[in-house]
Amino acid sequence: MTTRPHPGALLAAGGVLVLVAVVSVLAADAAGGGALALADAGAVARHGGPVASLIADLAAAVLLGGAVVAGWLLREDEDRVRAMALVAIAGGVTTLARGVSLLFSYAVATGQAVGSARFGSDLLVFVSTDLGVWLITAVVLAAIATTAAATGSSVGLARTVAVLAGMLAFSAAMTGHAAGDSSHEVATSTMLVHLLAVGVWLGGLGTLQLLPERSRDDARVVRGYSHLALVCWIALALSGVWALAVRMNGPGDLLTSAYVQIGLAKAALLIALGVLGALQRRELAATGSVWARGSVAAYRRLALLELVLMALAVSLAAAMSSSPPPAEQSTPPSGPAGLLTGYVLPPAPELPALLGQWRPAPFHLALCAVVLLVWWRPAAPARPRRATMRLLLGLGALLVLTQGPFEVYATVASSAHLLQHVLLAALAGVLIGSALTVPERWRALAGRSQLLLLLPAAVPLLLVGAAYAVSPVLRLALDSHPAHLALQLLSLLAGALPVLAVRASARPLLLAAVPLALAAAGGAALLGTDVLLAASWFGATGRTWWADALADQRRGGAAVLAVALLTAIAAVVTLLLRRSRIRRAASAPSAGARGAARGR
């Protein structure tokens with residue numbers, strides 16, 4: 001029997017929504033500080049923009065958090081059906097709110113009041129800009145996620161919707177403000193982490209409160225959710241402070257900027273809420289599978305209080321997203337490299353200079369943190385110490401490659417770009433892949449046909465090679481932060497997936513030879529070609545060191561060949577040692593049996 005919400009509860013929820021909407025509008029007016037663009041857009045866009053953003057953010061949080069709860073926490077099919085129905089409704093609301101928010105953003109960007117004679121006349125021009133493309137992408141992704149959520153309630157479908165909701169958060173993050181070109185990557189990455197954390201925390205908690213008591217108050221479900229909530233609290237605290245910092249001109253904004261003060265209020269609210277909620281829920285979840293009545297009642301009151309306070313925090317965030325930050329757009333550094341990359345041309349790559357070249361990357365820091373928290377989650381299976389060490393080494397290599405000298409020089413030198421991505425595969429990817437558990441489906445796949453394992457072993461590397469071979473794609477990866485991150489993650493998969501395939505295969509040496517041969521062929525092609533990769537980029541950075549761009553590219557090709565050769569040697573040695581251990585283990589029982597026979 002389906003329970004219906006109490007009319008009083010619906011009235012209270014409506015009152016809270018009205019309250020947070022009013023707060024969002026007032027905060028947006030304070031943060032905007034009388035900006036001319038906001039005034040020209042008219043009262044409808046000025047007041048409607050924050051409300052549309054608030055509704056879109058709250059609905060997107062339920063879309064993401066509900067899908068995560070349905071895909072990973074709920075065990076009963078009936079509960080998953082109810083959760084996915086809520087997710088589908090939230091997806092529909094998100095789609096509509098994102099569409100309305102797009103129109104308000106157009107009004108603000110062009111200074112045209114909604115309903116004016118010229119409103120919409122150049123909408124196609126607006127949607128072709130970077131901001132417009134990401135706003136349209138968010139609407140499309142929300143519609144796809146809604147359609148997927150409405151088609152079923154299986155675990156696989158719920159996880160697919162969660163991935164789509166994560167992509168929606170990525171698109172929303174790309175529409176956020178940045179203090180300047182040099183901090184745009186940090187600003188968008190921290191916003192992505194922020195949106196994902198808020199979605200899982202707020203949306204997951206809201207979904208749980210609409211489930212029947214047996215699931216809402218189930219200690220195992222609450223234990224799993226409390227771990228996620230703690231992860232989200234940490235992510236919110238760190239990304240919130242970092243994101244606010246890059247939007248400030250300096251410490252003086254703490255006293256003079258309403259935008260910064262609203263951000264501080266939001267951060268304080270979320271941190272205090274996280275401390276209270278995480279500690280209380282973890283204590284309740286640790287009481288066992290059956291709770292005392294008082295403990296359950298305390299948990300419910302706390303959950304409702306958290307929902308109200310988190311909705312208030314989201315309203316402040318929506319106001320900030322609809323208002324310009326205090327930091328002004330900085331002019332790019334002088335010189336060709338500054339115009340292309342937004343950063344000063346690094347010094348010649350000599351050892352003392354290399355050690356000082358670091359560029360923080362919030363996305364990769366968050367990725368490593370999530371992997372470790374999943375690895376050491378309370379319900380995680382026991383793992384060999386060697387696997388943990390390999391994982392830590394792989395994540396350490398990932399951080400060094402994406403935040404150290406390789407990242408700095410990869411933007412201006414093709415050799416560094418090539419070496420960074422081949423090491424992401426051959427070092428970080430291989431170590432991480434060797435630590436992960438081989439999926440049982442892959443072993444079953446290997447039992448049917450070894451050739452099927454060639455897909456995960458070769459396709460990621462082929463895609464990376466295609467990205468380098470097609471100049472517009474490579475140029476996009478150099479010029480666009482999302483494409484840059486996507487190519488790095490693809491390179492990481494190009495190392496991790498072949499290792500998993502090799503470990504699942506009965507003929508590992510032959511399977512390992514395929515990606516290594518592809519890498520060697522790519523390096524040889526770079527050595528033999530006279531065509532410069534992304535010539536309009538690597539040939540136009542104005543380098544005074546390694547000025548010959550084609551010679552630098554051939555240097556990168558030689559590095560790819562060298563890494564492929566060293567990886568091949570390491571793979572052969574590892575596989576031979578593995579085969580030797582298997583033979584010794586197989587012969588040990590026979591030797592024991594012969595000894596027992598002699599004893600008789």
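Just so it is clear, none of the values below were taken in a lab; they were calculated from the coordinates. Source: prediction; values computed, not measured. Cβ sites come from the backbone with ideal geometry, for glycine too, and all protein chains shown count toward neighbours.
Sorting the segments 359-365, 441-447 by their mean number of nearby beta carbons within 10 angstrom, highest to lowest, gives 359-365, 441-447.
Counted residue by residue at 0.36 nm each, then reduced by the alpha carbon distance between them, the extension gain from ALA540 to VAL81 reaches 159.7 nm. Calculated FRET efficiency, SER128 to LEU392, Cβ-Cβ distance, R0 = 41 Å: about 0.35 to the nearest 0.05. Couplings for the range 300-313, taken from phi via the Karplus curve 6.51 cos²θ - 1.76 cosθ + 1.60 with θ = phi - 60°, read 5, 4, 5, 4, 5, 4, 4, 4, 5, 5, 5, 4, 5, 5 Hz in order; Gly and Pro are left as x.
On the basis of the beta-carbon distance and an R0 of 51 Å, THR256 and ARG584 show a calculated FRET efficiency of 0.10. Here the gap between ARG359 and ALA506, fully extended at 0.36 nm per residue and compared with their Cα-Cα distance, gives a gain of 48.7 nm.
The alpha carbon centroids of the range 202-217 and the range 77-114 are separated by 22 Å. Fully extending the segment from GLU350 to VAL370, taken as 0.36 nm per residue of separation minus the present Cα-Cα distance, adds 3.8 nm. Remark: spin-label model distance ALA486-VAL44 equals 3.5 nm, labels positioned 7 Å along the Cα→Cβ axis.
Across all C-alpha atoms in the range 392-514, the radius of gyration and Dmax reach 15.2, 46 Å.
Averaging Cα coordinates gives a centre for the range 374-407 and one for the range 453-471; these two points are 24 Å apart. Go ahead and run the numbers for FRET between ARG301 and ILE234, Cβ-Cβ distance against an R0 of 25 Å, rounding to 0.05. Plugging the Cβ-Cβ distance into 1/(1 + (r/R0)^6) gives 0.55. So for the range 506-563, Kirkwood radius off the Cα pairs, Stokes-Einstein at 25 °C and 0.890 mPa s: how many µm² s⁻¹? The Stokes-Einstein estimate is 192 µm²/s.
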